[in-house]
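Quick notes on the structure that follows.
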Amino acid sequence: MVGRGQAGHVSEEPTAFNIASSVPVPVPPALLEQARAQGLEVEALVAKGGIDALREASKQAWYEENREAIEAKRRHIEKYGTFGQRHGVFRPR
(Lines give C-alpha, C1' and ligand atoms only; values in the text may rest on other atoms or scores of the structure.)
Protein backbone atom coordinates (compact mmCIF):
# COMPACT_ATOMS: atom_id res chain seq x y z
CA MET A 1 0.00 0.00 0.00
CA VAL A 2 1.32 3.44 -0.86
CA GLY A 3 0.46 6.42 1.29
CA ARG A 4 1.55 9.93 2.07
CA GLY A 5 2.82 10.59 5.55
CA GLN A 6 3.85 13.83 7.18
CA ALA A 7 5.56 16.47 5.04
CA GLY A 8 4.63 14.65 1.83
CA HIS A 9 6.85 11.63 2.49
CA VAL A 10 5.83 8.51 0.62
CA SER A 11 5.63 5.32 2.62
CA GLU A 12 6.33 2.14 0.78
CA GLU A 13 5.07 -1.38 1.15
CA PRO A 14 5.30 -2.59 -2.45
CA THR A 15 4.27 -6.18 -1.73
CA ALA A 16 1.26 -5.44 0.52
CA PHE A 17 -1.79 -5.21 -1.73
CA ASN A 18 -5.42 -4.59 -0.90
CA ILE A 19 -7.41 -6.54 -3.47
CA ALA A 20 -10.31 -4.06 -3.24
CA SER A 21 -8.03 -1.30 -4.53
CA SER A 22 -6.50 -3.23 -7.43
CA VAL A 23 -6.19 -1.45 -10.75
CA PRO A 24 -5.56 -3.23 -14.05
CA VAL A 25 -2.26 -2.04 -15.49
CA PRO A 26 -1.13 -3.08 -18.96
CA VAL A 27 2.40 -4.47 -18.97
CA PRO A 28 4.23 -5.28 -22.21
CA PRO A 29 4.47 -9.07 -22.71
CA ALA A 30 8.26 -8.97 -23.12
CA LEU A 31 8.58 -7.22 -19.75
CA LEU A 32 6.31 -9.80 -18.12
CA GLU A 33 8.40 -12.60 -19.58
CA GLN A 34 11.67 -11.05 -18.37
CA ALA A 35 10.30 -10.48 -14.86
CA ARG A 36 8.97 -14.02 -14.59
CA ALA A 37 12.24 -15.45 -15.95
CA GLN A 38 14.05 -13.63 -13.13
CA GLY A 39 11.55 -14.92 -10.57
CA LEU A 40 10.26 -11.43 -9.82
CA GLU A 41 6.72 -10.54 -8.83
CA VAL A 42 5.33 -8.34 -11.58
CA GLU A 43 2.84 -6.73 -9.18
CA ALA A 44 5.64 -5.69 -6.83
CA LEU A 45 7.65 -4.23 -9.73
CA VAL A 46 4.66 -2.21 -10.94
CA ALA A 47 4.00 -0.98 -7.38
CA LYS A 48 7.68 -0.06 -6.93
CA GLY A 49 7.60 1.94 -10.15
CA GLY A 50 4.49 3.74 -8.92
CA ILE A 51 6.12 4.46 -5.58
CA ASP A 52 9.20 5.87 -7.31
CA ALA A 53 7.04 8.04 -9.57
CA LEU A 54 5.01 9.30 -6.61
CA ARG A 55 8.18 10.06 -4.64
CA GLU A 56 9.62 12.04 -7.57
CA ALA A 57 6.35 13.93 -8.04
CA SER A 58 6.31 14.76 -4.31
CA LYS A 59 9.89 16.08 -4.50
CA GLN A 60 9.02 18.26 -7.50
CA ALA A 61 5.86 19.58 -5.82
CA TRP A 62 7.82 20.42 -2.64
CA TYR A 63 10.47 22.24 -4.65
CA GLU A 64 7.86 24.22 -6.57
CA GLU A 65 6.05 25.14 -3.34
CA ASN A 66 9.34 26.32 -1.81
CA ARG A 67 11.10 27.71 -4.90
CA GLU A 68 10.78 31.35 -3.82
CA ALA A 69 12.26 30.73 -0.37
CA ILE A 70 15.07 28.59 -1.80
CA GLU A 71 15.99 31.26 -4.32
CA ALA A 72 15.85 33.98 -1.64
CA LYS A 73 18.21 31.94 0.55
CA ARG A 74 20.60 31.41 -2.35
CA ARG A 75 20.65 35.16 -3.07
CA HIS A 76 21.28 35.90 0.63
CA ILE A 77 24.23 33.48 0.72
CA GLU A 78 25.66 34.93 -2.50
CA LYS A 79 25.44 38.42 -1.03
CA TYR A 80 26.47 37.78 2.60
CA GLY A 81 28.04 34.31 2.61
CA THR A 82 27.12 31.53 5.02
CA PHE A 83 27.03 31.88 8.80
CA GLY A 84 30.39 30.15 9.05
CA GLN A 85 31.94 32.38 6.41
CA ARG A 86 30.67 35.54 8.12
CA HIS A 87 31.79 34.55 11.61
CA GLY A 88 34.96 32.61 10.86
CA VAL A 89 33.50 29.28 11.92
CA PHE A 90 34.20 26.04 10.06
CA ARG A 91 37.10 27.40 8.07
CA PRO A 92 38.61 24.93 5.63
CA ARG A 93 42.10 23.81 6.63
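The values are calculated or read from the model by the stated rules, or taken from the named source; none is laboratory data. None of the values given here were measured: they were computed from a predicted structure. No Cβ is skipped: glycine too gets one built from the backbone with ideal geometry, and neighbour counts run over all protein chains shown.
Key figures for this structure:
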{"item": "Residues that are more than 12 Å from Leu45 (Cα to Cα), at pLDDT 55 or above and surrounded by 10 or more Cβ atoms within 10 Å (Cβ to Cβ), drawn from the range 17-33", "result": "Glu33"}
{"item": "Tally, over the range 22-52, of residues that are outside any helix (DSSP H, G or I) and under 21 Å from the mean Cα position of the chain (by Cα)", "result": "0"}
